[in-house]
Each structure stands twice: as structure tokens, then as C-alpha cells.
Amino acid sequence: MLECPQCHIKYGRKLQQCPNCGAAAINHETTQAKPTALKYHQFLQASWRQPLQTPWQWVNPQFGWVTFAILLLVNTATISLLMAGWSEQVGAVAGVTGTQVILRQPVALWTLEFRLFLIQLGGLLVLVGTGYVLKRYLLKQKNLRFDRYLTEISAYGSFVLLLTLAALLVTFMAGLMALWLVVILLVLGYLWLNMAIVVSLIRQPMAGFDQFYTVILFEIIVHLLLLVMSSQVVMMGLANLF
């Protein structure tokens with residue numbers, strides 16, 4: 001059996017195109033990539049050159065998980081370097097660690113970094129999870145698996161990895177002196193990932209709901225949830241500080 005790359009229905013091998021939407025037939029059984037570092041690198045290269053033309057349907061679905069795991073690890077490393085540099089500066093001036101200044105208690109620095117890791121993980125879940133729910137239930141993609149969806153977003157938004165790696169490199173080389181540049185790179189990464197999810201919602205051949213309204217709904221839900229999350233984090237930080 002063959003699976004359509006557009007609407008994901010399965011049909012016989014004798015057909016040259018999907019009987020539902022007319023997409024060209026591709027045998028994913030012979031073209032699916034093995035989960036090796038070389039294959040993953042080839043997937044990234046293809047997505048960097050032509051993200052909308054990358055055949056993400058036929059690569060290993062674990063590539064999506066790998067991409068987002070790398071993204072989380074790189075961002076965590078960047079945050080760790082920034083927190084370490086800030087802690088050293090504050091300690092040199094006030095004689096205490098940066099964590100003590102924020103929490104007013106002798107908590108290890110890694111505890112704060114772990115909380116920041118959980119915050120960014122929650123933000124990614126809100127961003128990607130909202131797009132997945134809308135695409136699966138509002139746009140009638142009932143057979144869409146979450147790992148396949150992550151791989152699709154990875155194909156459209158893999159350039160985010162380059163932005164986060166650049167932010168990590170700048171942090172390592174210049175530290176807090178280039179804080180604004182690091183923030184700009186991370187914000188650009190978020191915008192690129194957001195755009196990749198929007199593209200995924202738009203590139204939908206069959207939908208029970210207009211894609212334009214789906215994108216608007218996605219943006220409203222995501223940014224309301226992120227606003228609530230960020231406000232709670234700020235309030236908790238102020239409560240611990242004072």
C-alpha cells in the first residue's frame with residue numbers, strides 16, 4: 001500500500017497518483033530513512049535549502065523528536081551560560097550568588113536553570129500542541145500522528161536550530177556583553193517556529209474549516225496562553241524576590 005503525502009489516505013500500488021487529491025505516488029516503504037546521524041543531517045540540509053519541498057512524510061518520524069530535543073538542549077545551554085555569567089557579576093559586587101538575589105534563599109543555581117528549562121518546555125508544548133490540535137481536529141486530519149507532525153514542523157522550521165546555535169555561540173564568546181543580540185536571535189527563532197506552524201496549517205488540501213480563521217485562532221490561543229504563563233512566572237519571581 002502507498003500513503004498519500006498530502007491527505008495521508010492509503011491506496012493500491014498500481015495507481016500513479018492519489019485518487020483523493022491527485023498527489024503523485026511515492027513508495028515510503030523504500031524511501032523511508034533510517035534514524036542515523038547521517039540521514040538526519042541530510043534531512044536538515046534538505047530542509048535548509050527547500051523547506052517546503054522536503055519530503056518529510058517519508059523520513060523517520062523520530063527526526064521531529066530529535067530536532068526539538070536539540071532545540072531544548074541548546075536553549076538550556078544558552079540560559080545556563082547567561083545565568084552563570086550573571087551570577088558571577090552579581091556575586092562580585094554584592095558577595096552573593098545570582099540565585100540568592102532572585103529567590104532570597106541559598107538554592108543551587110541548577111534549580112533555577114531547571115525551572116527555566118520547564119518554562120521553555122511548556123512554551124514549546126503550547127506552541128506546537130495548539131497547532132497539532134487545530135490541524136487534527138479543526139482541519140480534519142484524523143490520521144495525523146504527533147511524531148509525524150513534529151517532523152513536518154522540523155522540515156519547515158529547521159532554520160531555528162541555526163539561530164539557536166548562533167545564540168549559544170554568541171553567549172559563549174561574549175556572554176552578557178551581547179545579551180541583546182542573544183535575545184534577538186532567540187526571538188527570531190520563536191518567530192520562525194511560529195511561521196513553520198502557520199505554514200503547516202495553511203498547506204492543507206482538505207479542511208472542514210477555513211485555514212485563514214484557523215491561523216487566526218492559533219495565534220490568539222497561543223499568545224494568550226503564553227501571556228498567562230509569562231505573567232505567572234513574573235509574579236512568582238517577584239513574590240520570591242520580595
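The values are calculated or read from the model by the stated rules, or taken from the named source; none is laboratory data. All of these numbers come straight from a predicted model, not from anything done at the bench. Cβ atoms come from the backbone with ideal geometry, glycine included; neighbour counts cover every protein chain shown. Heavy atoms of the whole protein, side chains included, go into the accessibility calculation; ligands, DNA and RNA do not. Shrake-Rupley method; radii C 1.70, N 1.55, O 1.52, S 1.80 Å.
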Worksheet item: Counting only residues that are of a type in the set (K, R) and closer than 16 Å to V199 by Cα, which one in segment 131-146 is most open to solvent (accessible area, probe 1.4 Å)?
Response: R136
Worksheet item: Among the residues of segment 175-188, how many are in contact (Cβ under 8 Å) with a residue 40 or more places away in the chain and either over 11 Å from L163 (Cα atoms) or open to solvent by less than 40 Å² (accessible area, probe 1.4 Å) (or both)?
Response: 4
Practice prompt. Go through segment 1-94 and tell me which helices (runs of 4 or more DSSP H), entirely inside it, have 1 or more residues that are more than 18 Å from L193 (Cα to Cα) and at pLDDT below 60.
Written response: 28-31, 62-94
Discussion item. Filter segment 151-170 down to the residues that are open to solvent by 10 Å² or more (accessible area, probe 1.4 Å) and over 17 Å from F63 (Cβ atoms) and list them by number.
Written reply: L163, L165, A166, L168, L169, V170
Practice prompt. Please name all residue pairs, on different chains or six or more residues apart, with Cβ atoms under 6 Å, provided the first residue is in segment 136-154 and is at positive phi and the second residue is surrounded by fewer than 15 Cβ atoms within 10 Å (Cβ to Cβ).
Written response: K140/G208
Practice prompt. Provide a single number: the residues in segment 59-69 that are farther than 18 Å from V126 by Cα, out of contact with any Pro (no Cβ under 7 Å at 6 or more places or on another chain) and surrounded by fewer than 17 Cβ atoms within 10 Å (Cβ to Cβ).
Written response: 0
Worksheet item: Quick one: would you say Q120 is within 27 Å of L82 (Cβ to Cβ) and modelled with pLDDT under 50?
Response: no
